[in-house]
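*Asks:* Below is one structure. I have some questions about it.
The values are calculated or read from the model by the stated rules, or taken from the named source; none is laboratory data. None of these values were measured; they are calculated from a predicted model. Please note: Cβ atoms are built from the backbone with ideal geometry, for glycine as well, and neighbour counts cover all protein chains shown.
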């Protein structure tokens, strides 16, 4: 009898060798990945080397290459495997799948129309950008209280576009903007930040006072490229919905405040600023426009005109370097509202310029006295206790 048999490759081999080979192949097919991991772990512990696997293969009649392929997910470096790493990955995936996510905001985020709003400055251009529904990040810079934020809000109100406003500070970080885990009723849930809400809703994202931000604002780089953002904590990619856009407002151009007027403003990363294709410089409205603004809030048009003229003179003096303070449009609105409350021009002006140092306050009051012939300088009254 011929003692040689043909093996699986067509070669002649002794009968006993073919039997051993057959048993070895059968073992390799029956050894599952889980069985191999568990057996190796029981024999050598959680971490094994190639020498350990070769020894195990010799004891179990298995092929080293086949076994190492079946536990490839556990490989941590050359010749080293961690047999529990796959279990940890599966647990993490289950945790992510089971993570609760707070539902998106359901209320209407379209700003209300303000009847006192008067169109001026860059409003028309900003409105066109928002109306186009194109992704076109816009940077608006200008002095404090000259209507930068208000114009964006009213453009959205007029166009029926949702607006999500975020007030930026030095402390603003990725968790504030993108979102993070929150503890709700004893359960850890993912809560979308304002940026994600705006992305998903196709809303206008208004980053107010952007020049107060730290370098943590760089987490928005991909957002400013219109590419969306990957939420690495929950393994989800959020694409921008149609109409999404970013508008940023600032008192500076992101280069810091040279004169120290706007303390707290920072020099923003150049790559971050480059992602805004257009920058608008917002100026204070002219005296005639400002009179219209104030007249929307007060029936005394003569008082409104004199306030606008007074502010115009102060601003010209400021720009010429004659004084260090300025009267903003917002400050004039404060005066009008104070006048509506106290029904006293002198008191309304005084309480609203009290924020300035004594010398500046006195200079402002004396200037208004020259603008308005009917004005009487306020006299400090004694109050009986």
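*Asks:* Out of the residues in the range 113-124 meeting the condition of being out of contact with any strand residue (DSSP E or B) (no Cβ under 9 Å at 6 or more places or on another chain) and assigned to a loop (DSSP other than H, G, I, E, B), tell me which one is surrounded by the most Cβ atoms within 10 Å (Cβ to Cβ).
*Replies:* Keep residues of the range 113-124 that are out of contact with any strand residue (DSSP E or B) (no Cβ under 9 Å at 6 or more places or on another chain), which gives 113-120, 123-124.
Within this subset, residues satisfying the condition of being assigned to a loop (DSSP other than H, G, I, E, B) are 113-120.
Details: 113: 12, 114: 12, 115: 7, 116: 14, 117: 18, 118: 18, 119: 15, 120: 21.
The selected residue is 120.
*Asks:* Moving on. Tell me, which helices (runs of 4 or more DSSP H) wholly within the range 164-225 include 3 or more residues that are within 21 Å of residue 149 (Cα to Cα)?
*Replies:* Numbers: elements: 174-177, 194-201, 221-224.
Output list reads 194-201.
*Asks:* Can you give me the number of residues within the range 226-240 that are free of Cβ contacts under 8 Å to residues at least 24 places away in the same chain and in a strand (DSSP E or B)? If you could, list the steps in order and put the result at the bottom.
*Replies:* So in the range 226-240, the residues free of Cβ contacts under 8 Å to residues at least 24 places away in the same chain come out as 227, 230, 232, 236-237.
Going one step further and asking which of them are in a strand (DSSP E or B), we end up with 230, 236-237.
Going through the range 226-240 one residue at a time, the tally reaches 3.
*Asks:* If you don't mind, another one. Among what's in the range 241-252 and is in contact with a helix residue (DSSP H, G or I) (Cβ under 8 Å, 6 or more places away or on another chain) and either modelled with pLDDT under 95 or in a loop (DSSP other than H, G, I, E, B) (or both), pick the residue that is surrounded by the most Cβ atoms within 10 Å (Cβ to Cβ).
*Replies:* First pass over the range 241-252, keeping only residues in contact with a helix residue (DSSP H, G or I) (Cβ under 8 Å, 6 or more places away or on another chain): 241, 244-252.
Subsequent filtering for residues that are either modelled with pLDDT under 95 or in a loop (DSSP other than H, G, I, E, B) (or both) retains 241, 244, 251-252.
Details: 241: 13, 244: 23, 251: 20, 252: 19.
So the residue we want is 244.
*Asks:* In the range 361-373, what residues are touching a helix residue (DSSP H, G or I) at 6+ places or on another chain (Cβ under 8 Å) and over 14 Å from residue 309 (Cα atoms)?
*Replies:* Quick first cut of the range 361-373, residues touching a helix residue (DSSP H, G or I) at 6+ places or on another chain (Cβ under 8 Å) only: 361, 364-365, 367-368, 371-372.
Scanning the range 361-373 gives a single hit, 361.
*Asks:* Something else about it: Being within 19 Å of residue 144 (Cα to Cα) and surrounded by fewer than 19 Cβ atoms within 10 Å (Cβ to Cβ) is the filter here, so list the residues in the range 288-298 that pass it. Working first, answer last.
*Replies:* Residues of the range 288-298 that are within 19 Å of residue 144 (Cα to Cα), as a first pass: 289-291, 293-294.
Scanning the range 288-298 gives a single hit, 289.
*Asks:* Of the residues in the range 139-173, how many are touching a helix residue (DSSP H, G or I) at 6+ places or on another chain (Cβ under 8 Å) and farther than 17 Å from residue 257 by Cα?
*Replies:* Going through the range 139-173 one residue at a time, the tally reaches 17.
*Asks:* Only one of (1) touching a helix residue (DSSP H, G or I) at 6+ places or on another chain (Cβ under 7 Å); (2) surrounded by fewer than 17 Cβ atoms within 10 Å (Cβ to Cβ); (3) outside the structural domain of residue 227 (by TED's automatic domain parsing); (4) within 20 Å of residue 141 (Cα to Cα) fails for residue 301. Which number is that?
*Replies:* (4)
*Asks:* Follow-up. Starting from residues that are touching a helix residue (DSSP H, G or I) at 6+ places or on another chain (Cβ under 7 Å) and part of a strand (DSSP E or B), keep the ones in the range 56-98 and report whichever is modelled with the highest pLDDT.
*Replies:* Initial filter on the range 56-98 (touching a helix residue (DSSP H, G or I) at 6+ places or on another chain (Cβ under 7 Å)): 56-57, 60-64, 66-68, 70-71, 73-74, 76, 79, 81-83, 85-86.
Narrowing further to those that are part of a strand (DSSP E or B): 76, 81-82.
Working: 76: 81, 81: 85, 82: 89.
Step by step, filter the range 56-98, then rank; the result is 82.
*Asks:* Here's another thing I want to ask about it. Just to check your reading of the model, which residue among 127, 201 is farther than 27 Å from residue 286 by Cβ, surrounded by 15 or more Cβ atoms within 10 Å (Cβ to Cβ) and in contact (Cβ under 8 Å) with a residue 12 or more places away in the chain? If you could, list the steps in order and put the result at the bottom.
*Replies:* Values: 127 fails: farther than 27 Å from residue 286 by Cβ.
Step by step, each of 127, 201 is checked, and only 201 is farther than 27 Å from residue 286 by Cβ, surrounded by 15 or more Cβ atoms within 10 Å (Cβ to Cβ) and in contact (Cβ under 8 Å) with a residue 12 or more places away in the chain.
*Asks:* Restricting to the range 137-172, count the residues that are under 19 Å from the mean Cα position of the chain (by Cα) and surrounded by fewer than 16 Cβ atoms within 10 Å (Cβ to Cβ).
*Replies:* 4
*Asks:* Would you point out the residue of the range 212-240, among those that are out of contact with any helix residue (DSSP H, G or I) (no Cβ under 8 Å at 6 or more places or on another chain) and surrounded by 16 or more Cβ atoms within 10 Å (Cβ to Cβ), that is nearest to residue 202 (Cα to Cα)?
*Replies:* Ranking the candidates gives 226 first.
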